[in-house]
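Everything below concerns the one structure shown next.
The values are calculated or read from the model by the stated rules, or taken from the named source; none is laboratory data. None of these values were measured; they are calculated from a predicted model. Ideal geometry is used to build each Cβ from the backbone, glycine not excepted, and the neighbour counts take in all protein chains shown.
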Amino acid sequence: MTAPAVRYQSIFMDNDRWNGVELREDDIIVATPAKCGTTWTQIICALLVFRSPELPRPLDELSVWVDAYFRPHDDMLAFLDAQDHRRFLKSHTPLDGLPRDDRVTYISIGRDPRDVGISTDNHFANMDFAKAMQLRAAALAPDLATAPEPPAPTLYERFWNWVDTDDELIGLAAMIRHIESFWYRREEPNIVLLHFDDLKTDLEGQMRALAATLDIPIPEPLWPDLVHAATFDAVRTNAATLTPENDLWKDRTVFFNKGTTGQWKHLLTPADLTRYRARINELTTPEIAAWLHRDTL
């Protein structure tokens, strides 16, 4: 196992929390930029690992967000050590900030960043911030030097703040860095890079491909039920047991808000898109930009 090369830290997470995690052969790490389909990917992994549309326990009890300051570190390590199923661990840390182990499969997922920006706004609006800060304090997270700034008053302003920030873990630049950390290693056998739109348009094909990569044989009669259980409507119906960090949200159903592509079209004008393209061109290559945006940039 190789130690992380880069430190990533924010108000609610720190990749130093991977210290002490004893990785196992066949572990799965779902390491995605926020609001790109993290929970969806965890659910798909759970359905494949347990080979059943009915999960044995709530998702929070099956898959833990290792980086997050929402559990005391020792409790989190004990939780992971006690798991006796094939583990699928959650992270929002780029690949260069994770412990590397050739026995482990690392999965990430990309999405049109314009939709990510809007989904992020909904995400924070639904968060019980006071509860999150209580969990952070109970986990003995470092004191904050300054309080977070209040959000801008309009979605339009908040979207552009997300686009323009250079924050290491939140914002367009952070999302691009995360995707690039997987993109340049995507040919390695234990690295998987998915796209949100592919899951939307070919869920069964993507699930079958992932099962093959993870070496999980699925009896053919099970596939229709597994695929249905991973659809957005089914996930939203089961939000009570599938919402991660489930104490943090004002409304668990709203956590699975829309799951659609193209939400940005009602927000951005042609002039805005010109500005957005200039920012994308600053941050990444034309090839990665075309892949993320599915040539709609």
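Things to note:
- Just one residue in the set Leu135, Leu169, Leu140 is modelled with pLDDT under 95, over 24 Å from Thr260 (Cα atoms) and in a loop (DSSP other than H, G, I, E, B); that residue is Leu140.
- Any hit, the range 154-168, residues being of a type in the set (Lys, Arg), more than 30 Å from Ala211 (Cα to Cα) and in contact (Cβ under 8 Å) with a residue 24 or more places away in the chain: yes
- Test: residue in the range 26-39 that is outside any loop (DSSP other than H, G, I, E, B), modelled with pLDDT of 95 or more, within 22 Å of Ala3 (Cβ to Cβ) and among the charged types (D, E, K, R): no
- If you go through the range 1-59 and keep only what is surrounded by fewer than 17 Cβ atoms within 10 Å (Cβ to Cβ), under 28 Å from Ala230 (Cβ atoms) and small (Gly, Ala, Ser), you end up with just Ser52.
- Residues within the range 215-244 that are in contact with a Leu (Cβ under 8 Å, 6 or more places away or on another chain), at pLDDT below 95 and of a type outside the set (S, T, N, Q), tallied: 3
- Taking the criterion of being of a type outside the set (A, V, I, L, M, F, W, C), under 23 Å from Tyr69 (Cβ atoms) and either in a helix (DSSP H, G or I) or at pLDDT 95 or above (or both), the only residue of the range 248-266 that qualifies is Arg252.
- Contact map, the range 1-16: residues that are in a loop (DSSP other than H, G, I, E, B) paired with residues that are at pLDDT 75 or above and among the basic types (Lys, Arg), Cβ distance under 9 Å, separation 6+ or inter-chain. Pairs shown: Met1/Arg100; Met1/Arg103; Ala3/Arg100; Pro4/Arg100; Ala5/Arg100; Ile11/Arg136; Phe12/Arg136.
- Exactly one residue out of Ala278, Ala209, Ala289 is closer than 30 Å to Glu188 by Cα, free of Cβ contacts under 8 Å to residues at least 24 places away in the same chain and out of contact with any helix residue (DSSP H, G or I) (no Cβ under 9 Å at 6 or more places or on another chain): that is Ala209.
- Within the range 215-230, residues that are closer than 27 Å to Tyr106 by Cβ sit with their Cβ atoms under 9 Å from residues that are of a type in the set (Gly, Ala, Ser) and not in a helix (DSSP H, G or I), at 6+ positions apart or across chains, in these pairs: Leu222/Ser52; Leu226/Ser52; Ala229/Ser52.
- Residue satisfying condition, being over 30 Å from Asn281 (Cα atoms) and at pLDDT below 95, within set Phe12, Phe50, Phe70: Phe70
- Within the range 144-153, not a single residue is in contact (Cβ under 8 Å) with a residue 60 or more places away in the chain, surrounded by 15 or more Cβ atoms within 10 Å (Cβ to Cβ) and among the aliphatic types (A, V, I, L, M).
- The range 267-284, subset assigned to a helix (DSSP H, G or I) and of a type in the set (Val, Ile, Thr), residue surrounded by the most Cβ atoms within 10 Å (Cβ to Cβ): Ile280
- From the list Arg158, Arg186, the lone residue that is closer than 29 Å to Ile280 by Cα, in a loop (DSSP other than H, G, I, E, B), of a type in the set (Lys, Arg) and out of contact with any Gly (no Cβ under 6 Å at 6 or more places or on another chain) is Arg186.
- Out of Thr120, Thr93, sole residue that is polar (S, T, N, Q), under 18 Å from the mean Cα position of the chain (by Cα), in a loop (DSSP other than H, G, I, E, B) and within 29 Å of His195 (Cα to Cα): Thr93
- Condition check for Asp164 on (1) over 19 Å from Thr93 (Cβ atoms); (2) crowded, with 18+ Cβ neighbours inside 10 Å: one failure, at (2).
- Where Phe159 falls short, out of the listed (1) buried (at least 21 other Cβ atoms within 10 Å of the Cβ); (2) more than 17 Å from the chain's Cα centre (by Cα); (3) closer than 28 Å to Ile191 by Cα; (4) not β-branched (Val, Ile, Thr): (3)
- In the range 206-247, residue nearest to Arg51 (Cα to Cα) [restricted to those that are within 19 Å of the chain's Cα centre (by Cα), of a type in the set (Val, Ile, Thr) and in a loop (DSSP other than H, G, I, E, B)]: Thr231
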